[in-house]
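Enquirer: Could you have a look at this structure, given as structure tokens, before my questions?
Every number in this text was worked out from the coordinates using simple rules, so none of it is lab data. On a predicted model such as this, the values are computed, not experimentally measured, just so you know. All Cβ positions, glycine included, derive from the backbone under ideal geometry; neighbour counts span all protein chains shown.
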Amino acid sequence: MTSPDSGATTLAPAAETQPLPAQSAGGRGSTLTAETVSAWFGTHKVLERVDLVMAANSVTALIGPSGCGKSTFLRILNRMHELVPSAQLAGRVLLDGEDIYDSARRPIETRRRVGMVFQKPNPFPAMSIYDNVVAGLKLTGVRNADKDAVVESSLTRAGLWTEVRNRLRQPGGALSGGQQQRLCIARSLAVDPDVLLMDEPCSALDPTSTRRIEDTIGELRDEVTIVIVTHNMQQAQRVSDHCAFFLAAENTPGHIVEAGPTTAIFGAPRDPRTADYVAGRFG
Ligand SMILES: Nc1ncnc2c1ncn2[C@@H]1O[C@H](COP(=O)(O)OP(=O)(O)OP(=O)(O)O)[C@@H](O)[C@H]1O
């Protein structure tokens, strides 16, 4: 099947049922490389030839006005884009040099190595805190794990252990919004991913919870590669090492105007559109 542009591929929804091998010991970041990635929903092209290297063990922030394709790009990085029936894609995404869209590679394997945290905290509300973390293992088919150890280490890495260690059997839905988001981070970490994608993870949270998540991002950056979409320019400056500025001019697909070290994007942007955006003059 072909997309509106030749060479592109129509992606079928994933249907994965097989379990994976037991999780590996210790997280380690991986480098994600997007090469000339374009994307469509039906005939609507929403991304145009995006090239971006997201270096291992660093935080990359995707910034830009609403609708320029940041979330679509993020979902392409762990094969969630293809879950939309009309979604199409061209280009390549390499995880430590290996094409995640290679026909021999199962989507569930990519999604285990590249985890995702969403805008709205989405724990299973009636399920216990403990079971919410373990659910990450079940969802990706990881077996034979020492569940107690995984729960403690995942909650610790997510910065939630000391707050919940004495109430692990209480429902996840009883936690505050910020705690629920850290529980979702713990659920993602339970499968020992190499990369964590975060789509506006703090936009539904109060300032205190936001700072707590930002602290957690800072603590995780040594072990996991993080890619975060944020509309908060102060947050991008606080948490990221690198930034990519996306823009979709009227009736054109989103593309990267400029990418580089966060200090350069905010301190000495090369493109006037970047300068205007980071200064809050539009978007
Ligand atoms: N499931 C979908 N079906 C059809 N079009 C979609 C779908 N998801 C996104 N789009 C379109 O793709 C374009 C990019 O959307 P996307 O959500 O990736 O942008 P964004 O930069 O993340 O926006 P925001 O900052 O508001 O979240 C938009 O025109 C949007 O309407």
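Enquirer: Could you give the nm distance between label points at Val84 and Arg105, where each point is 7 Å from its Cα heading toward the beta carbon?
Expert: 2.1 nm
Enquirer: Here is a further query. What ranking do Thr162, Thr156 get, fewest neighbouring Cβ atoms within 10 angstrom at the top? Provide the component values of the computation, followed by the final result.
Expert: Numbers: Thr162 9, Thr156 15.
Neighbour counts put them in this order, fewest first: Thr162, Thr156.
Enquirer: On to the next question. What does the helix-only formula give at 222 nm for the chain: each DSSP H stretch with n ≥ 4 adding -39500 (n - 2.57), the total divided by the residues, and the result rounded to the nearest 500 deg cm²/dmol?
Expert: -8500 deg cm²/dmol
Enquirer: Taking 0.36 nm per intervening residue step and subtracting the Cα-Cα distance, what contour gain separates Asn166 from Leu139 on full extension?
Expert: 7.2 nm
Enquirer: Might you report the magnitude of the Cβ-based charge dipole of the stretch 56-121 about its Cα centre, with Lys and Arg at +1 and Asp and Glu at -1, to the nearest 20 debye?
Expert: Approximately 260 debye in magnitude.
Enquirer: Moving on to the next point. Classify the stretch 177-244 from the C-alpha gyration tensor, please: rounded if a/c falls under 1.5, else prolate or oblate depending on whether a/b exceeds b/c.
Expert: Because a/c hits 1.5 or more and a/b fails to exceed b/c, the stretch 177-244 counts as oblate.
Enquirer: In addition: How much FRET efficiency would the formula 1/(1 + (r/R0)^6) give for Asp146 and Phe41, where r is the Cβ-Cβ distance and R0 is 41 Å, rounded to 0.05?
Expert: 0.45
Enquirer: Let's test this: bin the Cα-Cα distances of the chain at 10 Å from zero up to the farthest pair and state each bin's percent.
Expert: Per 10 Å bin, starting at zero, the Cα-Cα P(r) for the chain comes out as 7, 29, 35, 23, 7, 0 percent.
Enquirer: For a quick check: with amide H placed at 1.01 Å from N, whose amide H comes under 5 Å from Met198's, ignoring anything fewer than 5 positions away on the same chain?
Expert: Answer set, sorted by chain and number: Val117, Val227, Ile228, Val229.
Enquirer: Now a separate question. In terms of Cα to Cα distance under 17 Å, which lysines are near enough to Lys70, apart from those fewer than 8 places away along the same chain?
Expert: Lys70 reaches Lys45, Lys120.
Enquirer: So what are the ³J(HN,Hα) numbers for the stretch 83-89, from phi and the Karplus equation (6.51, -1.76, 1.60; θ = phi - 60°), rounded to whole Hz, Gly and Pro as x?
Expert: 6, 7, x, 8, 6, 9, 8
Enquirer: Let's see if you can work this out: charge +1 on each Lys and Arg Cβ, -1 on each Asp and Glu Cβ, no other charges. What is the dipole magnitude of the chain about its Cα centre, in debye to the nearest 20?
Expert: It works out to roughly 620 debye.
Enquirer: Hey, another quick one. At 0.36 nm per residue, minus the direct Cα-Cα distance, what do Ala268 and Gln234 gain on full extension? Give it in nm, one decimal, please. Kindly include the intermediate steps, with their values, before the conclusion.
Expert: Details: separation 34, 0.36 × 34 = 12.24 nm, distance 1.59 nm.
Fully extending the segment from Ala268 to Gln234 adds 10.7 nm.
Enquirer: Ok, one more. Of all beta bridges DSSP finds with both residues in the stretch 187-283, what is the antiparallel percent, to the nearest 5?
Expert: If I count the DSSP bridges inside the stretch 187-283, around 55 percent turn out antiparallel.
Enquirer: Follow-up question, since we're still on this one. I'd like the distance between the alpha-carbon centres of the stretch 85-108 and the stretch 225-283, rounded to an integer number of Å.
Expert: Centre-to-centre (Cα) distance: 25 Å.
Enquirer: Answer with one residue from Ala275, Ala259, Val239: the one whose Cα lies farthest towards the positive end of the charge dipole of the stretch 235-283, charges on Cβ with Lys, Arg +1 and Asp, Glu -1.
Expert: Of Ala275, Ala259, Val239, it is Val239.
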